[in-house]
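Take a look at the structure below.
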Amino acid sequence: MNPDLQKLIELDKVSQEIARLKDEIASLPKRTAEIETKLSTAKAQVEVAKTAIKDHEANKRKLESDIQDWQQKISKFREQSLAVKTNEQYKALMHEIEFAQKHINDCEEQILAGMDSSEGFANSLKAAETELKFETDEVEKEKAHARALTTEDEKKLAELNQQRHSLRDGVDPAMFANYERVAGKRKGAIAAAFDHKCSACNVMMRPQKYNELLSNSELVTCDSCGRILYHDASRQPEPPQGGRGAKGGLRANERAWFYLRTGGESGRFAYFANSKGGCTMRTFDALTGQLHDKVVKKKTTFREAFPEFLSDALILHPEHLNIQQDFEDQLPADMLEEFQLQARIAPGTSAAVPTAH
Ligand SMILES: [Zn+2]
């Protein structure tokens, strides 16, 4: 591999790690704030529990003081009853005493009922305090962790920045400028290519471009996403999709373009298509784009019907062309030109130098 490209790959990795560390460092205060919010919730719960106990105790004191008041009234009525002159006055006082006693009973009942709930209040407070203690410990741990991580990240960041500088100094300035231009637009400015595809955007590469990449002579960028590409030979092509066999439903609509070396002065471009009833092969002269012949076979797929053509054919990539165009009798000019480029046929010559791999 081109040594500058090798350095750029390294540089890109370092740059991405720098970006990741910066994001991480920036996110830590937010994370700490989040856990502190959790802490304030726990604190609020403790306050609620304490207030409930306070209210409950105040209510109890009020009831006790009410009882005292009624008891004093009863004593007063009893004193008065010793001095009454008439039976009616006596009866009225006894009625007042009865009335006061009823109030005292009510208050005592409320106090008794409150004793049951006071245990519940105490338990709530205890639970809230345990939770608060736990959260406080957690927050301290998390904060310590965040501080340690920040320190570590900043140290790594300084090292990486230094690494980036020295890598940058070693790269050809024009190449670096190219890299910077792509890196300004794309996260991860460099992508591996294998199986004729850019691994970042997954778009098929033109065969000519793929060959340029394989030859390693100069910087190749993806036509679709603009990333700088390098060839990764360690990655294997993905297995063909839909392994249901040639006759399976998934293959029913398959269509493909190939360059056939036979027929015509410089070979033919062939269009194969499966349909419900069978398949079609249409071939076009590779120099003029004129229809050469058309074959229709029923109840079969093109891979089964025309193996003799496909075994030695070069697959063409019309993915980026507008193939909605009509090519019944004649290939449109742009398709013809693209296919000639892919098959390495110079228009107007008979020297075809197709390279298949
Ligand atoms: Zn791409």
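The values are calculated or read from the model by the stated rules, or taken from the named source; none is laboratory data. In this text the structure is predicted, and so the values were computed from the model without any measurement. Quick reminder, even Gly has a Cβ in these numbers, built from the backbone with ideal geometry, and neighbours come from all protein chains shown.
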Check your understanding: Mind checking whether some residue in the range 34-48 is in contact with a helix residue (DSSP H, G or I) (Cβ under 9 Å, 6 or more places away or on another chain), crowded, with 16+ Cβ neighbours inside 10 Å and acidic (Asp, Glu)?
Key -> no
Practice item. Find the residue count for the range 224-253, including only residues that are buried (at least 17 other Cβ atoms within 10 Å of the Cβ) and at pLDDT below 85. Key: 1
Review point. For the range 52-73, does any single residue satisfy the condition of being surrounded by 16 or more Cβ atoms within 10 Å (Cβ to Cβ) and without any contact (Cβ under 8 Å) to a residue 40 or more places away in the chain?
Key: yes
Check your understanding: Any idea how many residues of the range 187-205 are within 12 Å of the ligand (Cβ to nearest atom) and among the charged types (D, E, K, R)?
Key -> 1
Practice item. Name, by its number, the condition in (1) more than 30 Å from residue 234 (Cβ to Cβ); (2) surrounded by 15 or more Cβ atoms within 10 Å (Cβ to Cβ) that does not hold for residue 30. Key: (2)
**Study point:** Identity of the residue in the range 163-186, assigned to a loop (DSSP other than H, G, I, E, B) and away from the ligand (no atom under 13 Å from the Cβ), that ends up surrounded by the fewest Cβ atoms within 10 Å (Cβ to Cβ)
**Key:** 172
Practice item. Find the residue count for the range 119-152, including only residues that are hydrophobic (A, V, I, L, M, F, W, C) and more than 24 Å from residue 33 (Cβ to Cβ). Key: 4
Study note, to complete from the structure: Of the residues in the range 1-50, those that are farther than 30 Å from residue 168 by Cα and among the small types (Gly, Ala, Ser) come to 33, 40, 42, 44, 49
Review point. Is it the case that some residue within the range 114-134 is surrounded by fewer than 15 Cβ atoms within 10 Å (Cβ to Cβ), in contact with a Leu (Cβ under 9 Å, 6 or more places away or on another chain) and either part of a helix (DSSP H, G or I) or not assigned by TED's automatic domain parsing to the domain that holds residue 32 (or both)?
Key: no
